[in-house]
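The values are calculated or read from the model by the stated rules, or taken from the named source; none is laboratory data. All values derive from a computational prediction rather than experimental measurement. Neighbour counts are summed over all protein chains in view; Cβ atoms, including those assigned to glycine, are modelled from backbone coordinates with ideal geometry. Ligands, DNA and RNA are stripped out before the accessible areas are found, and what is left, the full protein with its side chains, is counted by its heavy atoms. Shrake-Rupley method; radii C 1.70, N 1.55, O 1.52, S 1.80 Å.
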Amino acid sequence: MDGIRVVVNGQPRDCSSASPHTSLLDWLRAEGLTGAKEGCAEGECGACAVLVARPDGPDHSRWTSLNSCLPAALAFDGQEIITAEGLGTVSVPGAAREDLHPVQQEMADRGGSQCGYCTPGFICSMAAEYYRPDRNPAREGAQAHSQQETGTEAVGEEHATVHECGPNGFDLHALSGNLCRCTGYRPIRDAAYALGTPPGTDPLLERQNRPAPAAKHTRTDDGAGFLRPGTLAEALRLLQENPEARLVAGATDLGVEVNLRHSRPPLVLAIDRLEELRTLKFDAGHVEIGAALTLSEAERGLRGRVPLLGQLFPQFASRLIRNAATFGGNLSTGSPIGDSAPVLLALAARVVLASTDGEREVPLSEYYTGYRQSVRKPGELLSAVRIPLPLAENAAFYKIAKRRFDDISSVSAAIALQVTDGTVASARIGLGGVAATPIRATATEEALMGRPWTADTAAAAAAVMAGEGTPIDDMRASALYRSAMLRQALLKFHAEHAPVEVA
């Protein structure tokens with residue numbers, strides 16, 4: 001491998017010695033940058049977080065926090081990375097090694113570090129929020145104050161996720177993927193809420209006014225191992241020639257397999273920066289989301305226009321994961337407890353499968369054929385998700401897990417109902433965690449269709465919904481609990497979307 005370079009803390013470093021399966025974290029630590037730590041090796045704790053310059057439109061970039069334990073180091077060929085060690089020196093020209101970044105200073109002043117293991121990761125996630133281009137203390141601080149006074153949820157104008165913002169506009173969900181094992185969250189929150197706005201001369205702030213680095217056409221010397229195609233056509237040709245190749249976007253699934261299951265795919269095709277797969281389009285008939293658009297990018301681009309997805313985003317893992325994960329990857333893994341599939345089933349989504357022979361559309365409800373199996377043929381990749389318009393007026397997503405955020409669901413349900421003149425005109429329900437694949441609750445849909453949207457109808461349909469799927473007992477929940485939660489989900493949905501009675 002020749003000419004593979006990664007810019008770290010403003011300095012280019014040779015990455016040619018990294019193997020296709022060397023994580024960014026392991027490579028950074030081998031380079032002597034040991035601030036980022038391995039805590040879980042599966043993207044759950046955030047101790048390994050770093051900052052990466054990612055596109056924010058064609059002319060700007062955005063400092064984005066990522067878990068470095070999951071993606072391969074080679075995936076960052078030509079990219080710009082900031083680690084906790086570099087924040088102070090890079091953000092202040094001429095700063096000494098011991099000078100602190102404002103985020104680091106606030107953490108130190110307010111006692112936000114106890115054992116210190118998680119601190120560098122927290123600092124990188126906090127720095128990403130510190131530099132968030134649309135962080136607006138006046139607007140979001142007012143929302144936070146209103147939320148505290150009224151007990152309501154403040155919703156940002158940019159997207160429909162629930163915000164917990166400080167008076168400085170700091171969205172606490174930016175830290176949802178960082179775990180503190182010393183339970184020191186209060187001083188960490190205090191440090192986050194004490195941050196001001198970056199000065200206009202801050203080099204990291206100024207960097208966001210220029211485009212992010214373009215993706216390099218990376219390949220290993222022997223043509224195997226790790227390849228980053230330059231176009232979708234090239235990716236499809238390589239996939240046809242190498243049907244055993246593993247496609248990777250955010251590596252939030254493959255990275256876990258490499259770290260914990262010691263998987264070593266002979267060929268990895270990186271498709272995360274292919275512009276053809278990073279689209280977000282609205283037309284009269286559907287919304288199209290490119291398979292390689294990250295969930296965070298989709299959330300910003302949608303701006304709440306698909307409310308059911310707006311409910312999904314804050315419950316999908318953590319901000320660190322959403323900054324890398326994609327709909328294409330989440331659907332392609334075929335996990336029966338993946339969060340996006342139930343929601344997209346309720347939205348009647350279709351997936352676009354592309355190959356050298358062209359494209360074909362498949363309803364998501366017909367995509368899965370068995371546990372982690374699908375109708376996708378050798379040589380095909382999932383290129384986009386299409387959501388038909390108009391959307392049902394009543395929709396909700398319920399995720400039952402042991403933690404509110406940053407957790408895997410035990411069972412989930414997404415419900416989309418159109419009620420016309422008091423009668424259920426359409427019903428689509430997607431379920432996760434109750435079968436070998438995500439499924440539609442077709443029997444429950446039939447129990448609702450054409451019936452008055454009343455408490456009696458909801459109760460009868462809820463009893464049917466409790467019998468959907470083939471739930472099992474496992475470490476996350478019992479079969480009886482899962483069935484009970486399905487029933488309760490529909491009852492809750494009716495309580496939240498019952499017709500308003502006029503006295």
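A few remarks follow.
- P(r), alpha carbons of the stretch 335-489 - 5 Å bins starting at zero, rounded %: 2, 10, 17, 21, 18, 15, 10, 5, 2, 1, 0
- Take every Cα pair under 8 Å whose residues are at least 6 apart in sequence, average their separation, divide by the length of the chain, and the relative contact order is 12 percent.
- Karplus-derived 3J(HN,Hα) values for the stretch 178-187, using 6.51 cos²θ - 1.76 cosθ + 1.60 with θ = phi - 60°, are 10, 9, 10, 6, 8, 6, x, 5, 4, x Hz; glycine and proline are entered as x.
- Across the alpha-carbon set of the stretch 309-367, the Rg to Rh ratio works out to 1.00, Rh being the Kirkwood radius.
- Electrostatic bookkeeping for ARG350 treats Lys and Arg as +1 and Asp and Glu as -1; over the other residues with beta carbon under 12 Å from its beta carbon, the sum is -2.
- Summary of the geometry: the stretch 1-71 and the stretch 272-297, compared by the centres of their Cα atoms, lie 25 Å apart.
- Percentage relative contact order, the stretch 391-454, counting C-alpha pairs under 8 Å, at least six apart: 26
- Spatial separation of Cα centroids for the stretch 205-268 and the stretch 352-422, in angstrom: 24
- Projecting the Cα atoms of CYS45, LEU205, SER410 onto the charge dipole of the chain (Cβ charges, centred on the Cα centre) puts SER410 farthest toward the positive pole.
- Going by accessible surface with a 1.4 Å probe and the largest first, TYR371, TYR398 read TYR371, TYR398.
- LYS377 accessible area, assembled protein chains, probe 1.4 Å, Å²: 120
- Charge dipole magnitude, Cβ of K and R +1, D and E -1 - the chain, Cα centre, debye nearest 20: 520
- Student exercise, the stretch 223-330 dipole from Lys, Arg, Asp, Glu Cβ charges, in Debye to nearest 20: 340
- 3J(HN,Hα) from dihedral phi, the stretch 10-16, Karplus parametrisation 6.51/-1.76/1.60, rounded to Hz, x for glycine, proline: x, 10, x, 10, 6, 10, 5
- Estimated dipole of the stretch 285-330 in Debye, rounded to 20 [Cβ of Lys and Arg +1, of Asp and Glu -1, Cα centre]: 140
- Over the stretch 310-424: Rg over Rh, Cα atoms, Kirkwood Rh: 0.99
- Per-residue Karplus couplings for the stretch 294-300, computed as 6.51 cos²θ - 1.76 cosθ + 1.60 with θ equal to phi - 60°, are listed in order as 5, 4, 5, 5, 5, 4, 5 Hz, Gly and Pro entered as x.
- Environment charge at SER365 (Cβ cut-off 13 Å; Lys +1, Arg +1, Asp -1, Glu -1): 0
- Antiparallel bridge percentage (DSSP; both residues within the chain; nearest 5): 90
- Computed over the stretch 254-361: relative contact order in percent, which uses C-alpha pairs under 8 Å that are six or more apart: 18
- The H on the amide N of HIS286, modeled in the peptide plane, is under 5 Å from the matching H of LEU389, each at least 5 residues off or on a different chain.
- Toward the positive end of the charge dipole of the chain, with +1 on the Cβ of Lys and Arg and -1 on the Cβ of Asp and Glu, the farthest Cα among THR457, SER17, ALA324 is that of THR457.
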